[in-house]
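Data block below; observations after.
The values are calculated or read from the model by the stated rules, or taken from the named source; none is laboratory data. All figures in this text were calculated on a predicted structure; none of them were measured in a lab. Methodologically, a virtual Cβ is constructed for each residue, glycine included, from the backbone with ideal geometry; neighbour enumeration extends over all protein chains shown. Just the protein is used for accessible areas: all its heavy atoms, side chains included, with ligands, DNA and RNA removed. Shrake-Rupley method; radii C 1.70, N 1.55, O 1.52, S 1.80 Å.
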Amino acid sequence: MLDLSFHTSPNRILVKDAVGHTTLDTSQPMPHILQTATVSLSVSFPTSGSSNSHQHTTASYMFNYQDCQMQYVCGYQNVCVWETRNGVYGYYCDNVNVCEWKNVCTTKQGWRNEVSCSVLRSYQAREWEQVQNIASIINGIDADFIQVKVSGSRTAAGTDPWYGTFVGTLPAGEILSQGSMILESAFQPGGASWLRRIMSIYVENGIVKVKFKSSNKAINGRSESNGVVSIYYDPPSQGTPVNYPDPASSVFDFASSFNLTFHVTIGKFTQ
Amino acid sequence: MPKKLFANGVSGDVAIYEGGHEAAFTSPLANLDKVYFHSSLDYVGVAHIYNGVISHPARAASAESDKYLVNNKRPLNGTQEWPLLSFPNAGYVPHGILVVNGEQMPGAAPVQRNGAASSRYIMLRMTQTSAILREHWHTFNDSLAALNVTYSLYVFTGPIAQSGDKTLLITPTQMIASRGKLNTSYRYIRSVAANPDFRLIRGPVADVRGGGLRIVTPAGTVIDDGVYNGSFAGTPSKGCSI
C-alpha cells in the first residue's frame, strides 16, 4: 500500500517528495520574500591626513684658497740708482728700509658645505564609516533576513607608498555578498595588513541599509632623498650660496570610489 | 485562538492562520502576525544545489623585487574561475548561499593565508544560467600551497508569478497552490534549531578596525587577520534546512 506523503490538519501541511524528503512543512517557520529592490549608489572612501618631516644632513668638503689682503709693508731692501757720489758717477745700491702697500696672500683652508634633505611622510590612522539607505521595507516590517548580490566597479583606486594600487576584488557581474563584502585591502612591506575596506548590508528600523567602513593604521611612507637643497661656504667669501626650498615628498592618496548596484531580496519567516 | 486551515478553490490559496482573523487569509502581508502559512506568499525554495570539492592550484611567491624594498617583493596577483552550476534560464539572476568548508563567508573573503599576507580570496558570481566560483589571489614573499576546498551552494527561487491553469492541485507527493505560486517541486526552506544546512542573516558578518579585518560567520566562527583590534561579535542568524 502506498504510504501517502501529503498530510494535512488544521495546524499543519506536510508534503514529502517521492523519495521521502520533506518539501513543505508548515509546522516550521518558513522564509518568504517580502519584496525585492535594485538600487544603485556611489561611495567615496576618503584619504588620511598626512604630514612631512624633513631631515637635513650636511657634508663638508675642504679646499685651499689664497687669502690676499693689501698691507703696508716695511722692509729692508736694496735700492740701486745711477748717481754721483763723492764726485764719482756710478750705480750705487743701498740697503734701506722701504715701506709700501702690497697685496699679501696666504694659503688657507676653506669649507664647501652641501646640505641634503630627505623627507618622510607620515599618514594618520583613520576609522571611517558611512551609512546609506537601500530600501524601505513595505509596511515597516522588521525583516528577518536579506539576500544581497552586488555588481559594480571601482571608479578610483587609492595607492600606497610601496605597492601602488590597493588590492581590490570586485569583478564584473553579480556577486553574492553574504552579509558583508571586502572591497579593498592594502599591505605594508612583508605583507601585514594596514588598510581594509568593507561594506555590510543590514536591516534597521524597517530600512535596508549599507554601511561602508574603512580602517587604516598610521603608517610612514618610505624616506625619499631629494638631494642637495643648499650650498654655503666657509668663509662666505669663497662662493655664492645656493638655496632651494625643501621639496615635499610624494603624496599617496588613499581615496577610492565605487559605483555599486545592490540587488536585494528582503524576507521574513512565518511563525 | 485555534489555528484554521482554509483553502479557496477559486484563487487556489491555501492558508493556516489564526482563527477569527479572516483578513489574514485575504491580506496576508498586512497581517503577518496572524499567518502561519499562506500559499500566496513568496516562499523561498531551493532550485539548485552544488556540493563538491574544488582543487585550488598552488600559487608561487613573488620573485619580483621592489627597488625600494630590500627583502620584500612586489605582489603577484591573478584570478581563476570555476563554473559550479549551470541551470535553465529562470529569467532573473538568482540569489544563493555559498558555504565554504562548512562556513558562510562574506563576499571576497580570504580562505587561505600564508606568511603575512599572501592570500586567496573567493567569491561567487551569479548569472541567469550559471553560478561561477571566482578566486582572486595575491602573493608576496610566501607562496600559497595547493588547497582543496569543499563548497556547498544553494541557489534559491525568486518570487514566482502565477501561471498555469490549475489553481489548486494536491497529489500524494506534490502540492500546487495559488495558481502555481506555491509548488512543492521546489524544496522549501524551513527554520531548524540544530544542524542547519545554512543560515539566513540580516546583518554584517565582518568588521574592520585598526587596519585589520575580523569575520564572524553566521555560525559564530571568528576569523581574525592578526591586526584587527575591535570587538565585533557577529549578527544573529536563523539556521535553515531544505
Exercise. Of the peptides B:145-156, B:161-172, how do they stack up when ordered by the mean number of other Cβ atoms within 10 Å, highest first?
Worked result: B:145-156, B:161-172
Seminar exercise, completed: Mean separation of Cα contacts under 8 Å (at least 6 apart) over the residue count of chain B, i.e. the relative contact order in percent, is 21 percent
Exercise. When only C-alpha pairs under 8 Å and at least 6 residues apart count, what is the relative contact order of segment A:163-229, in percent?
Worked result: 22 percent
Problem set entry | Exercise: per-residue mean of other protein chain Cβ atoms within 10 Å, B:120-129 | 4
Problem set entry | Dmax and Rg, reported as Rg then Dmax, of the protein assembly as shown (C-alpha, Å) | 39.9, 174
Seminar exercise, completed: Quick shape summary for segment A:64-110, equivalent ellipsoid via Cα gyration tensor, semi-axes whole Å in descending order, reads 37, 9, 7
Exercise. Between residue A:237 and residue A:155, what FRET efficiency comes out of the Förster formula 1/(1 + (r/R0)^6) with R0 = 45 Å and r the beta carbon distance, rounded to 0.05?
Worked result: 0.15
Problem set entry | Karplus-derived HN-Hα couplings along segment B:91-105 (A = 6.51, B = -1.76, C = 1.60, θ = phi - 60°), whole Hz, x at Gly and Pro | x, 8, 8, x, 7, x, 10, 9, 10, 10, 6, x, 10, 8, 9
Exercise. Can you pull the mean other chain C-beta count within 10 Å for peptide A:163-169?
Worked result: 5
For this session: Return the value, in Å² to the nearest 100, of accessible area buried between chains B and A (probe 1.4 Å, both sides summed).
Result: 6900 Å²
Exercise. What distance in nm separates the simple spin-label points at residue B:79 and residue B:161, each placed 7 Å from Cα in the Cβ direction?
Worked result: 3.3 nm
Exercise. Could you give the length gained on full extension between residue A:89 and residue A:68, defined as 0.36 nm per residue of separation minus the Cα-Cα distance, in nm?
Worked result: 3.4 nm
Exercise. Between residue A:60 and residue A:120, what is the label-to-label distance in nm when each label sits 7 Å out along the Cα-to-Cβ direction?
Worked result: 2.6 nm
Exercise. What is the Cα coordinate range of segment B:10-125 on the first, second and third principal axes, sorted by size from largest, in whole angstrom?
Worked result: 78, 30, 24
Seminar exercise, completed: If R0 = 22 Å, then residue A:40 and residue B:127, at their Cβ-Cβ distance, give a FRET efficiency to the nearest 0.05 of 0.70
Exercise. To the nearest whole number, what is the average tally of beta carbon atoms from other chains within 10 Å of the beta carbons of peptide B:92-99?
Worked result: 4
Problem set entry | Length-normalised contact order of chain A in % [C-alpha pairs under 8 Å, at least 6 apart] | 28 percent
Seminar exercise, completed: By the rule of no other cysteine beta carbon under 4.7 Å, the lone cysteines of the protein assembly as shown are A:117, B:240
Problem set entry | P(r) histogram, all alpha-carbon pairs of chain A included - 5 Å bins from 0, percent | 1, 4, 8, 8, 7, 7, 6, 6, 5, 5, 5, 4, 4, 3, 3, 3, 3, 2, 2, 2, 2, 2, 1, 1, 1, 1, 1, 1, 1, 0, 0, 0, 0, 0, 0
For this session: Keeping the other protein chains in place, figure out the carbon and sulfur percent of the accessible area of segment A:64-110, with a 1.4 Å probe.
Result: 48 percent
For this session: Holding the Cα-Cα limit at 19 Å, pick out from A:268/B:238; B:3/B:166; A:268/B:181; B:181/B:238 the pairs that are longer than that.
Result: B:3/B:166; B:181/B:238
Exercise. Under a point-charge model restricted to the Cβ atoms of Lys and Arg (+1) and Asp and Glu (-1), what is the dipole moment magnitude of the protein assembly as shown relative to its Cα centre, in debye to the nearest 20?
Worked result: 1060 debye
